[in-house]
Amino acid sequence: MIRHVILRVLSKLLIPLIMLFALYVQFHGDYGPGGGFQAGVIFGAAIILYALMFGLEAAKRAFPPRVLEFLMAFGVLLYGGVGVAAILEGGNFLDYSVLSHDPVHGQHLGILFVELGVGITVASVMATLFFLFAGRGRADV
Amino acid sequence: MIDVIHIVLFTFLAVIAIAIIRLRDLFAAVMLMGIFSLLSASLFTVMDAVDVAFTEAAVGAGISTILMLATLSLTTSKESRLYQRPQPLALIAVLLTGAALVYATFDMPRYGDPAAPIHHHVADDYIERIDDDIGVPNMVTAILASYRGYDTWGETTVIFTAGVGVMLLLGGGRTVYRIRRRKDGRSEDGGSAS
C-alpha cells in the first residue's frame, strides 16, 4: 500500500492517540465510563487500523501472532489468578476484600487487575481475529 | 425535547433496517449496519447507558464492520439472486409472533419507571452498599467486576474461546498439514504440529 498518503499520515498521527485513549479507558474505568472490555476493543481497533494502513506483514512484525496468542490466555489467567490469590489470602474465590489490609483498598486492587486481564484478552483476541480473516486470500488487505 | 431525539433516532433505525433488508449490494449493507450500530450507541447515550453505548460504538460500529468487510473481501460483495415462492404460512407465523410480542409489551413497566421490578431486586442493595464495600465512583464497573465477578470472568472466557475457535477454523498458521505423495499416486494426510 504505497498510495493514500493522506490516510497514512493521518493514521500515523491517530494510532498513538487511539492507543493512549485505550489505556485511559482501561485505567479510568473506575471513575468514568468504560473498563477492560471497551479498552481492549479500542486497542484492538488501533492494531487493526495499523494493519489496514501499513499492511498485514508490518502489523504482524509489530504485534507477533505468537505473542498475541500468549496474551489471549494470559488475560484469562490473570483474572483467575486474582481469584486464586483471594483464596490464598483466606477469602472466597474472587473476593477482593482480603487482598489488602483495608477491604476497600483490596477491592480497588482486585478490580484493577481483573479489568486489566479482560482488556489484555479482548485486545489480543480482536487483533488475532482480524489477522486470521485478513491473512486468508488476498495478501495486501 | 428528549422524546423528539428518541423518535428521530428510532425512525432512522427503522429506515436503515428496511434499507439493509432490501439492498443486494452487501458492501453497502455492511456500511449501513455500521451506521445502525452508531445510531444505537447514540440512543444508549440518550438513555444514560454510557458504558453500553461505548461498547456498541466500539464493537458494533468498529470491529464487526471491519470483520464483515474482511469476510466480503474473501467472498463476494453481491448477494446472489434466489427466486423464492411467496410463503403465506411463514408470513402468518411472523405476523402472529410479532403481534404477540407487541401485546406482551403492554405488561411491561413504563420506560424509566422507578417502581419497575428490575430496579428493586438486588439493585437497591448494591446502591446502598457500594460506597462502603467498594468505593468506586463508576457503579457499573463496581457491579461488573466485583459483585458480578464470576459472570465477567465467564464472559472473558467466552471471548478467549471465540478466539481459539476462529484460530482452529481459519488456521493460525502453525499447524502444517503435509500431503505426502505415495508411490501409487494417492495422497495421504500426515498432520504434524510445528
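The values are calculated or read from the model by the stated rules, or taken from the named source; none is laboratory data. Remember, it's a predicted structure, so these values are computed and weren't measured experimentally. Quick reminder, even Gly has a Cβ in these numbers, built from the backbone with ideal geometry, and neighbours come from all protein chains shown.
Here is a list: B:79, B:128. Which entry is of a type in the set (D, E, K, R) and either surrounded by fewer than 10 Cβ atoms within 10 Å (Cβ to Cβ) or under 27 Å from the mean Cα position of the chain (by Cα) (or both)?
Residue meeting the stated conditions: B:79.
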Looking only at residues that are under 12 Å from residue B:157 (Cα atoms) and among the aromatic types (Phe, Trp, Tyr) in the range A:65-81, which one is surrounded by the fewest Cβ atoms within 10 Å (Cβ to Cβ)?
A:74
Extreme residue, farthest from the chain's Cα centre (by Cα), among residues of the range A:61-79 that are within 10 Å of chain B (Cβ to nearest Cβ) and within 16 Å of residue A:134 (Cα to Cα):
A:65
Could we say that residue B:61 is out of contact with any Cys (no Cβ under 6 Å at 6 or more places or on another chain), of a type in the set (A, V, I, L, M, F, W, C) and farther than 17 Å from residue B:20 by Cα here?
no
Inspect the range A:15-31 for any residue being of a type in the set (Gly, Ala, Ser) and more than 20 Å from residue B:156 (Cα to Cα) and give the result as yes or no.
no
Taking the conditions exactly as written (surrounded by 23 or more Cβ atoms within 10 Å (Cβ to Cβ) and either assigned to a helix (DSSP H, G or I) or within 10 Å of another protein chain (Cβ to nearest Cβ) (or both)), does residue A:58 satisfy them or not?
no
Return a yes/no flag: does the range B:155-171 have any residue that is modelled with pLDDT under 80 and surrounded by 11 or more Cβ atoms within 10 Å (Cβ to Cβ).
yes
If I filter the range A:1-54 down to residues being surrounded by fewer than 17 Cβ atoms within 10 Å (Cβ to Cβ) and outside any helix (DSSP H, G or I), which single residue comes out as farthest from the other protein chains (Cβ to nearest Cβ)?
A:2
Within the range A:87-115, which residues are out of contact with any Leu (no Cβ under 6 Å at 6 or more places or on another chain), within 11 Å of chain B (Cβ to nearest Cβ) and in a helix (DSSP H, G or I)?
A:96, A:97, A:103, A:104, A:105, A:107, A:108, A:111, A:112, A:113, A:114, A:115
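Let's see how each residue does on (1) free of Cβ contacts under 8 Å to residues at least 24 places away in the same chain; (2) under 20 Å from residue A:114 (Cβ atoms):
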position	(1), (2)
B:66	yes, no
B:78	no, no
B:103	yes, no
B:115	yes, no
B:129	yes, yes
B:136	yes, yes
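Collect the residues in the range B:63-118 that are more than 14 Å from every other protein chain (Cβ to nearest Cβ), assigned to a loop (DSSP other than H, G, I, E, B) and in contact with an Asp or Glu (Cβ under 9 Å, 6 or more places away or on another chain), keeping them in residue-number order.
Residue satisfying the conditions is B:79 alone.
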Condition met for residue A:74 (within 23 Å of residue B:143 (Cβ to Cβ), touching a residue at least 40 places away in the same chain (Cβ under 8 Å) and out of contact with any Asp or Glu (no Cβ under 7 Å at 6 or more places or on another chain))
no
